[in-house]
Every structure is written in structure tokens, then in C-alpha cells.
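Below is one structure, written out as C-alpha cells, with a few remarks after it.
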Amino acid sequence: MVTKIAVLVSGGGTNLQAILDAEKSGIITSGKVSLVVSNKEGAYALERAKNHSVETLVLSKAEYPTNADFEKKLIEELERREIGLIVLAGFMKILSADFTSRYPERIINVHPALIPSFCGEGFYGLKVHEAALSYGVKVTGATVHFVNEIPDGGRIIAQKAVYIEDGDTPEILQKRVMEEAEWKILPLAVEKVSKEIAEK
Ligand code: GAR
């Protein structure tokens, strides 16, 4: 059996692209991306999904103004398609405890730092790299972890370190962390967890 995967996105979708490429190249064989959900209309990640003939869905703030509305609709759509694994790939919304407790060890997230550093509420996207540079750490990286009720607090699945270099800006560092860590460990983690779910 192949695990049906939904990827939740909000922006550019380079991590989604890494997953889709890994499916194509045979790195991911135990799971299949069946749905891409964006909470933002016009997110470029939606184009990436369409280019790979993956079904897309937009649950915008205008249509689903509260978190509860959003999550109710999301659950409906996930259950209708019998999704087995939910991947947060640049998804910039915190899911409620109600939602996460429904899917124990069935939601994974990629975070652009070495958890427990520079993580939790308020640490997302470029802000994470700004914080790492302003603290002055010499090593950062990325983490893939299960999602529970604590933001960035679930069990760690994979991590990869990335060195900070002289002259790094948040943008330069973000790109290096993506290239050297996120795009590598996320597809591998997706395969590992999809396989475990498929074998259950
Ligand atoms: C990635 O760096 C991802 O790790 C981060 O946002 C970026 C999204 O890029 N996610 C978070 O900060 C979540 N806390 P992408 O849309 O190109 O994959």
C-alpha cells in the first residue's frame, strides 16, 4: 500500500518541489502526494503542484476566517481522500491541539533551524535565520519533526547541520539551509514515515 500524502503550503513551495522531485526520481516510493492545500491564494506552490498534475485546494482567510472554520474544512477534505500523512512544507499557520491530536505521528513539519534552537511561536521563514545570525551561532541547519500541540515540539525525525559563513545575510543563509539541508532531509523523512504508515 502507498500512503496518500497531503502537503500544506503557504508560499513558494521549494520544499514541496523537493518532495515531488523525489517521487519522480524514486527516492519516495512508499507515499504519493495526492493533494496540496494552501491557505494563501496565489501561492507559487500551487503552480508547482499543477505542473505535476497534483490536485490543489485553497482554503483562504476570506472564505475560512477563523482557525476553527479552516480546520473543520481541512479535516473534511483530508478524510474524504483518506490521507494518511500530512506534510507541512512552508505552512505558516499554527494548527490547534484539536487538529494535531487527531493525527498523532501523522503530521510532519520542516523547520529551518536545529530544534530546540530558534523555534516555537514567532520563529518562521526568514525570522529564524535573522535570529540565528543575530545570536551569532556558527552552526545552524534544518529539522524534520512530528507535529503535536507544542509549536515545533514534536519528536525529531531528522536533522542536518549547516555552517554559517562570513558575510551571510538572512536571505543567503536561508538559501544555503534549504539547499544543503531542507531539500535533502524532508524527502527522506517523507519516505521513512510513509513507509512506516503503509506497513501499519
Ligand atoms: C522553509 O525554509 C521552511 O523551512 C520554512 O519556511 C520556508 C518555506 O519555503 N518553514 C517555517 O519556518 C515553518 N516554521 P518553501 O515554501 O519554499 O518550502
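Just so it is clear, none of the values below were taken in a lab; they were calculated from the coordinates. None of these values were measured; they are calculated from a predicted model. Cβ: placed from backbone, ideal geometry, glycine included. Neighbour counts: every protein chain shown.
Observations on the structure shown:
- Test result for LEU16, part of a helix (DSSP H, G or I) and among the hydrophobic types (A, V, I, L, M, F, W, C): yes
- None of ASN148, ASN109 is within 14 Å of the chain's Cα centre (by Cα) and more than 9 Å from the ligand (Cβ to nearest atom) except ASN148.
- When ILE86, ILE5, ILE27, ILE19 are checked against the criterion of being away from the ligand (no atom under 16 Å from the Cβ), of a type outside the set (D, E, K, R) and in contact (Cβ under 8 Å) with a residue 60 or more places away in the chain, a single residue qualifies: ILE27.
Residue by residue, here is whether (1) under 25 Å from GLU196 (Cα atoms); (2) of a type outside the set (Phe, Trp, Tyr) holds:
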residue: ARG81; (1), (2): yes, yes
residue: PHE91; (1), (2): yes, no
residue: LEU95; (1), (2): yes, yes
residue: ARG102; (1), (2): yes, yes
residue: CYS119; (1), (2): no, yes
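- Reported count of residues in segment 30-40, each being within 14 Å of the ligand (Cβ to nearest atom) and of a type in the set (S, T, N, Q), is 2.
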